[in-house]
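Presented below is the structure to which this report refers.
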Amino acid sequence: MTQTYMPHVTIPPLDPPERLLMGPGPSNPDPRVLAAMSKRLVGHLDPYFVELMDQAMGALREVYRTASHHTLPISATGSGGLEAIMMNLLEPGDGAVVCITGYFGQRLAELATRAGADVRVVEVPPGEIVDPAEVERLLEAKPAKLVAFVHLETTTGACQPIEPMVAVARRHGALTVMDCVTSLGGMPIEIDALGVDAAGSCTQKCLGAPPGLAPITVSPRAMERVKARKQKPHTWYFDFQLLFQYWGETGATKKRAFHHTAPISSIYGIHEAARLIVEEGLEARWARHQEAHETLVRGLNALGFQLFTPASHRAPTINVVSVPAGLDEAKVRSRLLEMGIEMGGGLGALTGKVWRVGVMGHNAQPERVDRFLGALGEAARAEGWRP
Ligand SMILES: *Cc1c(COP(=O)(O)O)cnc(C)c1O
């Protein structure tokens, strides 16, 4: 006798609420990107998809302003791309100097440590940036294979100037590794002109796509070091040599070795997101983010709020706002969410002390910033805020 199997759960249909995502990421993707991601699937070795992979790599080279062939979206979120860079560039025993301006700098140090490196750090209080002279002192005391830093530290809003850091590393024969997860696509970054050796970002902040991929770029100089490794990296999934056999080593050959099944729909998404960026023009996009940021800061000041980050280290894409004493930051945030708008709270040492407001990708538009400001004022007043 057969019994009818009854499921033990009821699964309601998907119905995500409408949100304006003004936190530290994800940001709302451009509708064209979401449409691209729902296009029909092809196989991951289909000639059409192989062609699309080449196009996506070319588009990312534009976004990074680099000629390096070794520019591709890693199948992971931003953290995975940075992990891939550290695991491939560092061998056990290598020296690494890591700049820590907040939570994400600490993470870079953790990644380098797990790659087996001998890690030395320069750490500064929240909101501050690292003085390259401090890095130089460490490199003079003992050489290192690489210097790693976060361009824009999302937890504090502090933006580390790229050029002086690259100059110091170069003087001492070290590679530079940069986390540009919150900055790529939203403010000036030109990898080749700046001489950065490896950089990693994500799709869900200023590039305007959902989370899921980690666009990275690796310079020829850094790839030489990867090829000269004495031992294979302790990661198979993120091994650059294997990944580039799948993504194509020269771009000239269409021959690809199966490595893993690329997240095809996500690649559709980044392809469209990068196409949008090239269409808009990087300079115009950077200016749009700057303008939206200025609108935001004027509005915040009018509401009686100040930015936490010193003016000299600020960047447009992530705005860290000091929460005045006596105002319950979490209650304001939940009121805002009830109005359909998300912003971020503080992390680590800044928990309970700041809000984090992203002006990223498709959301870097004055109308969206105005809507955010109107709702923030209402939520804060409801919690008793009187400037
Ligand atoms: C968001 C963020 C990350 C982590 O990226 P995921 O895509 O969440 O893995 C890393 N570094 C910085 C600076 C970030 O803002």
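The values are calculated or read from the model by the stated rules, or taken from the named source; none is laboratory data. Note that this is a predicted model, so its numbers are computed, not measured. Neighbour counts are summed over all protein chains in view; Cβ atoms, including those assigned to glycine, are modelled from backbone coordinates with ideal geometry. Accessible surface is based on the protein model in full, side chains and every heavy atom, while ligands, DNA and RNA are left aside. Shrake-Rupley method; radii C 1.70, N 1.55, O 1.52, S 1.80 Å.
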Specify the residue that is farthest from GLU224 (Cα to Cα); the eligible residues are those in region 88-103 that are surrounded by fewer than 24 Cβ atoms within 10 Å (Cβ to Cβ) and under 18 Å from the mean Cα position of the chain (by Cα). TYR103
Checked THR77, THR71 against criteria (among the β-branched types (Val, Ile, Thr) and under 19 Å from LEU282 (Cα atoms)); the one match is THR71
Determine if region 149-163 includes at least one residue that is in the same structural domain as THR217 (by TED's automatic domain parsing), more than 15 Å from the chain's Cα centre (by Cα) and more than 18 Å from ILE216 (Cβ to Cβ). yes
The condition of being within 11 Å of the ligand (Cβ to nearest atom) and under 21 Å from ALA84 (Cβ atoms) holds, among VAL181, VAL196, VAL147, only for VAL181
Subset of region 180-205, residues assigned to a helix (DSSP H, G or I) and crowded, with 23+ Cβ neighbours inside 10 Å, comes to ILE191
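Listed here are the residues, each with its yes/no results for (1) in contact with a His (Cβ under 7 Å, 6 or more places away or on another chain); (2) among the β-branched types (Val, Ile, Thr); (3) more than 14 Å from the ligand (Cβ to nearest atom).
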{"position": "GLU91", "(1), (2), (3)": "no, no, yes"}
{"position": "CYS99", "(1), (2), (3)": "no, no, no"}
{"position": "PRO132", "(1), (2), (3)": "no, no, yes"}
{"position": "THR156", "(1), (2), (3)": "no, yes, no"}
Would you confirm whether or not region 261-276 contains a residue that is of a type in the set (Asp, Glu), crowded, with 19+ Cβ neighbours inside 10 Å and part of a helix (DSSP H, G or I)? yes
Every listed condition ((1) open to solvent by 10 Å² or more (accessible area, probe 1.4 Å); (2) under 27 Å from VAL359 (Cβ atoms)) holds for VAL177 save (1)
From the list SER38, SER27, which one is within 28 Å of the chain's Cα centre (by Cα), more than 16 Å from the ligand (Cβ to nearest atom) and under 18 Å from ALA209 (Cα atoms)? SER38
Which of the following residues is without any contact (Cβ under 8 Å) to a residue 60 or more places away in the chain and hydroxyl-bearing (Ser, Thr, Tyr): THR155, THR113? THR113
